[in-house]
Amino acid sequence: MGDMVRTPLTPSERRRGERFGALLREARGERSMADVAAAAGVSAETLRKIETGRAPTPAFFTVAALATALGLSLDELAAAACAEEETGAATAAGAASAA
């Protein structure tokens with residue numbers, strides 16, 4: 001089998017991962033990382049990597065399980081993670097039309 005090579009993340013993807021991690025940390029509140037991870041069926045190490053942005057593109061089922069464990073909807077997570085991109089795109093479009 002060949003080696004699997006991951007494409008480096010873009011700065012935008014890294015920022016999205018950081019926003020996603022921050023949202024999870026905020027939603028976790030006073031609950032321990034181990035408690036939330038166990039409720040979601042993932043390791044505490046996986047949750048820690050996601051929360052710190054070291055794993056900025058977690059698998060869909062990991063995201064869905066964390067959302068359920070934290071009482072969040074996937075729509076809320078997507079909106080929060082993509083908020084800056086939409087704002088940035090709107091700003092870029094406004095700048096282009098003003099030029």
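May I have the extent of the alpha carbons of the range 37-81 along their three principal axes, as whole Å values ordered from largest to smallest?
Taking the Cα atoms of the range 37-81, the three principal extents are 25, 21, 14 Å.
What distance in nm lies between label points placed 7 Å from Cα along the C-beta direction at ARG25 and ALA79?
2.3 nm
Counting Lys and Arg as +1 and Asp and Glu as -1, what is the net charge of the other residues whose Cβ lies under 9 Å from the Cβ of GLY53? Don't jump to the answer; show the numbers that get you there.
Details: positive: ARG14, ARG15, ARG19, LYS49, ARG54; negative: GLU18, GLU51.
Taking every Cβ under 9 Å from that of GLY53, the sum is +3.
None of the figures in this text is laboratory data; all of them are computed from the coordinates on show. Bear in mind that the values here come from a model prediction, so they are computed numbers and not experimental data. Note that we place each Cβ from the backbone using ideal geometry, even for glycine, and neighbour counts take in every protein chain shown.
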